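Working notes for the structure below.
The values are calculated or read from the model by the stated rules, or taken from the named source; none is laboratory data. In this text the structure is predicted, and so the values were computed from the model without any measurement. We place every Cβ from the backbone using ideal geometry, glycine too, and count neighbours over all the protein chains shown. We work out accessible area using only protein heavy atoms, side chains counted, and drop any ligands, DNA or RNA first. Shrake-Rupley method; radii C 1.70, N 1.55, O 1.52, S 1.80 Å.
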Amino acid sequence: MTATFAILKRELLTYFVSPLAYVFLGVFLFLAGVFFYLGIALTGEASLRVMLGNVSISLMFVLPMLTMRHFAEEQKTGTFEMLMTSPVSPVAILVGKWLASLTLCLVMLLGTGLFVAILAYYGDPDWGVVATSYLGLLLTCGVFCAGGLFASSLTDDQVAAGMGGIVLLMPLWLVGSASSLVGEEWQARLDHLALLPHLRSFTKGVIDTADIAYFALLTFGFLFLTFRTLESRRWR
Amino acid sequence: MIEVEHLTKRYGAFTAIEDVSFSVPKGHVLGFIGPNGAGKTTTMRVLTGFLPATEGRAVVAGFDVFEDPVEVKRRVGYLPETPPLYRELTVGEYLRFCAELRELPRADRLRRVGEVMERVGLRGWERRVLGTLSKGYRQRVGLAQALLHNPPVLILDEPTSGLDPAQNVGVRELIAGLAGDHTIILSTHILPEVEALCAQVVLINKGKIAAAGTMEAVRAQAAPAYFRVSLDAPGVEPAAVARAVGALAEVKVVQPEGEGLRVEAEPGVDPRPAIASMAVGRGWGVRGLERTIPTLEEAFLSIVGREGA
């Protein structure tokens, strides 16, 4: 527990003493702002639905760039050797890093609170829906961060880890629009695998245990794969 | 304190180390030498629990590296070849992080960080960013990290590589000061350093132990002691002097060396009295009769060969 917390703190320190966190916050909030404006201008409704859907897609590209350094860089600079020769389990290292990237996501999402405030000033948003939407988005971040960490554990090259993470996560999105290839009947089945339909129930204000299970399973699955990769790297 | 038995590590078809066995008693400093790529770093990584061995057994500080890796890691301080630093952190931030990883109680952390910084000569450097430090100071931070939890066993992989001569002496003195309380494995290419610090030596070459034992034994095993003989024989050809010395039963090989002779004998045989009495019998003067022990460097080269040099 102490070790997980130590690693979480160390990662956050690294984020915020380097330009990294600020660049991510800036890029993300700019994109979110564009989607917020477009969502309202196009639909004319005082909701975050359009913005959140688009934001989740952009997170798919942004978060692997955030997590790519987590293991790749440590392998390269040799700090990984220090972590693995201290009395700390790989699970603690992994969870610490995942929580750190998730914390930065939380900060990024808090930044979009500005848009909620604008919405509340001019309109009358459904606060329940706002809350469930953010919950859904945070769960999505959890999946993306875990997938990005897995990609990072596979290589000591940061760029490869970042691109690999994106490629790894893209099927979660693409599988949701494959009807032209597989037909409507199969599409209905594939929709269970796709990420956006699960996120959509949250943005409608519905909390379904099936959706929560979907996000939890993916997150846990990626983290487990990362753990196995870290273990196996030592045998090679 | 450290027992290594028949350790073998293979990467696929490549054998990094094979059947490596040695032991280090408590409080001793073991010099671990060998050419680049001989398997030093691999051996150290196995001992620190970073790499599992393919075969064999290693016990460090009373715990089996493969059965109780966490207990071993608690008792080992490790300085890898490149100091494992987070470039963007300051010295203080980094060492406090290491103190947490090393499970130091909260109350002791700051005090311990201060102590090790003092010990490795980093006083006043707490706020410096690691990425801006010179190689010598990075090495010091790496050492500080290895000492934080006051481990009974220290494994140091080339702690003096890239240091200037003054820093070298500093690190050497530091290690000498740590011996006794700590059991140390020291890998280095600087052989005079090993001669100054280590009572025991393991020389590893191509993954196998080529020589091991006390410093004296390793030197003698590699290249037997020889003798420098200088005789004053007026009017006698140098070749005739060499023949006369070579005719003695105690002498095995005679070669001219400089103005005198280089004489080798069977191990344990001292040909000096025989040479002296022979010289006196012929009315020659004796300028010098001196026994020379090969340096570790000579021993290293005679075992490893000069192909890599």
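For the range B:156-205, rounded, prolate or oblate, judged on the Cα gyration tensor with a ≥ b ≥ c (square roots of eigenvalues), a/c < 1.5 rounded, else prolate if a/b > b/c? Taking the square roots of the gyration eigenvalues as a ≥ b ≥ c, the range B:156-205 is oblate.
For the range B:224-293, the Kirkwood hydrodynamic radius comes to 11.8 Å, computed from all pairs of different C-alpha atoms. If R0 is 56 Å, the Cβ-Cβ spacing of B:A107 and A:S180 corresponds to a FRET efficiency of close to 0.30. Stokes-Einstein diffusion for the range A:2-233 at 10 °C, viscosity 1.306 mPa s, with a Kirkwood radius from C-alpha pairs, works out to 86 µm²/s.
Residue by residue, the range B:71-84 carries 3J(HN,Hα) couplings of 5, 5, 4, 4, 9, 10, x, 10, 10, x, 4, 9, x, x Hz when phi is fed to the Karplus relation 6.51 cos²θ - 1.76 cosθ + 1.60 (θ = phi - 60°); x denotes Gly or Pro.
Only protein heavy atoms count here; under a 1.4 Å probe, B:T54 has an accessible surface of about 70 Å².
Of all DSSP beta bridges confined to chain B, the antiparallel ones make up roughly 70%. Note on A:K76: aspartates and glutamates with a C-alpha under 18 Å away, same-chain residues under 8 apart excluded, are A:E11, A:D156, A:D157, A:E231, B:E81, B:E88, B:D157. To the nearest ten degrees, helix A:179-190 and the longest principal axis of the Cα atoms of chain A are 80 degrees apart. Within 10 Å of the Cβ of each residue in A:75-84, the mean number of Cβ atoms contributed by other protein chains is 6. Summing Cβ point charges (Lys, Arg +1; Asp, Glu -1) relative to the Cα centre of the protein assembly as shown gives a dipole of roughly 520 debye. Ordering B:G77, B:L47, B:L7 by Cα displacement along the dipole of the range B:1-99 toward the positive end leaves B:G77 in first place; charges were set at the Cβ atoms of Lys, Arg (+1) and Asp, Glu (-1).
With the cut-off at 1.5 for a/c, could you classify the range B:76-192 from its C-alpha gyration tensor as rounded, prolate or oblate? Judged from the Cα gyration tensor, the range B:76-192 comes out oblate (a/c at least 1.5, b/c at or above a/b). Once the C-beta distance of B:A240 and B:R291 is scaled by a Förster radius of 22 Å, the resulting FRET efficiency is 0.35 to the nearest 0.05.
Here A:V107 and B:T214 are evaluated by their C-beta separation; at R0 = 60 Å the FRET efficiency comes out at 0.50. Going by the alpha-carbon gyration tensor, a ≥ b ≥ c the square roots of its eigenvalues, is the protein assembly as shown rounded (a/c under 1.5) or, if a/c is not under 1.5, prolate (a/b greater than b/c) versus oblate? Judged from the Cα gyration tensor, the protein assembly as shown comes out prolate (a/c at least 1.5, a/b above b/c). Of the GluC sites (Glu not before Pro) in the range B:210-273, the ones in a loop by DSSP (not H, G, I, E or B) with at most 12 other beta carbons within 10 Å are B:E259. Here the range B:224-293 is treated with +1 on each Lys and Arg Cβ and -1 on each Asp and Glu Cβ, and its dipole about the Cα centre works out to around 60 debye. Once you reduce the range A:162-236 and the range B:1-74 to the center of their Cα atoms, the two points are 42 Å from each other. Solvent-accessible area of chain A (1.4 angstrom probe, protein heavy atoms only): carbon and sulfur portion equals 71 percent.
Solvent-accessible surface of protein heavy atoms, probed at 1.4 angstrom with all chains present, puts B:R140, B:R10, B:R282 in the order B:R282, B:R10, B:R140, largest first. Rounded to the nearest 10 degrees, the inclination of helix A:20-43 to the longest alpha-carbon principal axis of chain A is 20 degrees. Residues B:K206, B:K9, sorted by accessible area with the largest first, give B:K206, B:K9 [1.4 Å probe; ligands and nucleic acids excluded].
Length gained on full extension, A:I212 to A:V17: 66.8 nm, using 0.36 nm per residue less the C-alpha separation.
Leaving ligands and nucleic acids out of the surface, order B:H28, B:H6 by accessible area at 1.4 Å, largest first. Write down the numbers at each step before the final one.
Values: B:H28 65, B:H6 110 Å².
Putting B:H28, B:H6 in descending order of accessible area: B:H6, B:H28.
Which angle from 0 to 90°, rounded to the nearest 10, does the C-alpha axis of helix A:90-111 make with the longest principal axis of chain A? Once rounded, one gets 30 degrees.
Just add up the charged neighbours of B:G114: K/R +1, D/E -1, any other residue whose Cβ is under 11 Å from the Cβ of B:G114.
Neighbour charge sum, excluding B:G114 itself: +2.
A simple count of charges around B:G170, restricted to other residues whose Cβ falls under 15 Å of its Cβ and scoring Lys, Arg +1 and Asp, Glu -1, yields +2.
Rounded to the nearest 10 square angstrom, B:E18 shows an accessible area of 80 square angstrom against a 1.4 Å probe.
Under the convention that each Lys and Arg Cβ holds +1 and each Asp and Glu Cβ holds -1, the size of the dipole of the range A:2-233 around its Cα centre is about 340 debye. Are any of the pairs A:K9/B:K40; B:K9/B:K135; A:K9/B:K73 more than 27 Å apart by Cα-Cα distance, and if so, which? Flagged as over cut-off: A:K9/B:K40; B:K9/B:K135. If Lys and Arg each add +1 and Asp and Glu each add -1, what is the summed charge of the other residues whose beta carbon sits under 12 Å from the beta carbon of B:H149? Net charge around B:H149: +2.
Counting heavy atoms of the protein chains alone, B:T292 has an accessible area of about 20 Å² for a 1.4 Å probe. Take each residue in B:81-91, count the other chain C-beta atoms within 10 Å of its C-beta, and the mean is 5. Projecting label points 7 angstrom from Cα along Cα→Cβ for A:L114 and B:E67 puts them 6.1 nm apart. Counting 0.36 nm for each residue step from B:E173 to B:A13 and taking away their Cα separation leaves a gain of 53.4 nm.
DSSP assigns beta bridges within the range B:34-191; of those with both partners inside it, close to 25 percent run antiparallel. Between B:L248 and A:Y121, the simple spin-label model (points 7 angstrom out along Cα→Cβ) gives 10.4 nm. Excluding ligands, DNA and RNA and using a 1.4 Å probe, chains B and A jointly bury around 2500 Å² of accessible surface, summed across both partners.
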